[in-house]
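Peer 1: Okay, handing you the structure first.
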Amino acid sequence: MADKSTTSKRGTPAEAEPQVPPTPAGAVAEAPAKPRKIYPIVKYGDPMLEKSTPHLKDFDADLEELVEDMFASMYAAQGVGLAAPQIGKSLRIAVVDVTSGKNSEAKIVLANPEVIHFEGEKREEEGCLSIPGFRGYVLRPQFVTVRAQNAKGDFFEIRGEDLLARAFCHEIDHLNGILFLQHLSMLKRDLIRRKIKKLRKQGEW
Ligand code: NI
């Protein structure tokens, strides 16, 4: 990945830079980005959202394509996380990017994720792309360490703090068929459910 800052460093020997094959004049350095499928987001009320997903076994080229489409769909919906059930697929995989696409290195794929360590507590407001227009305060760990596989099936561990820890927990909940509503008080949950029911009757959900 080319970094503009390295070109402005004076006196840096060329040998110190990563070796990039010279690009012939007029050639396109990188293939243009492939158009992505933007999936509609499944909304609350669809039973898909309340079903646990099975362990993911097939890490193939189709999955890698799906993951890129999930990122594109998440950015289009302006979310920071998206789980496969939210696009109608019962697969144990989610994507997270708390920078909303500003930093490609912040793209995190969580296949078969497991929280292996958590610490602290934080109560913050959160929402969900599948429950648009509603938010609620949810108590989550302040720090979590997750062990997961990437889109190629390689295992890794990642530690998240604050919003990232919250996003990990929220997406892992989705893979277990749990929505943030289930973490709210019964009173608050019922209030949101009643409002959604009304919206549905009006054909607005
Ligand atoms: Ni959600």
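All of the numbers you see were taken from the coordinates with simple rules; none came from a lab. Everything numeric here is computed off the predicted structure, so don't read it as measured data. We place every Cβ from the backbone using ideal geometry, glycine too, and count neighbours over all the protein chains shown.
Peer 1: Compute the separation of the alpha-carbon centres of region 116-186 and region 30-103 and state it in Å as a whole number.
Peer 2: If we compute the Cα centre of each part, the gap is 15 Å.
Peer 1: Something else about it: Listing T145, T99, T53 from the residue with the fewest other Cβ atoms within 10 Å to the one with the most, what is the order?
Peer 2: Ordered from fewest to most neighbouring Cβ atoms within 10 Å, T145, T99, T53 come out as T99, T145, T53.
Peer 1: A follow-up question, please. R0 = 30 Å: FRET efficiency of D190 with A77, Cβ-based, nearest 0.05?
Peer 2: 0.70
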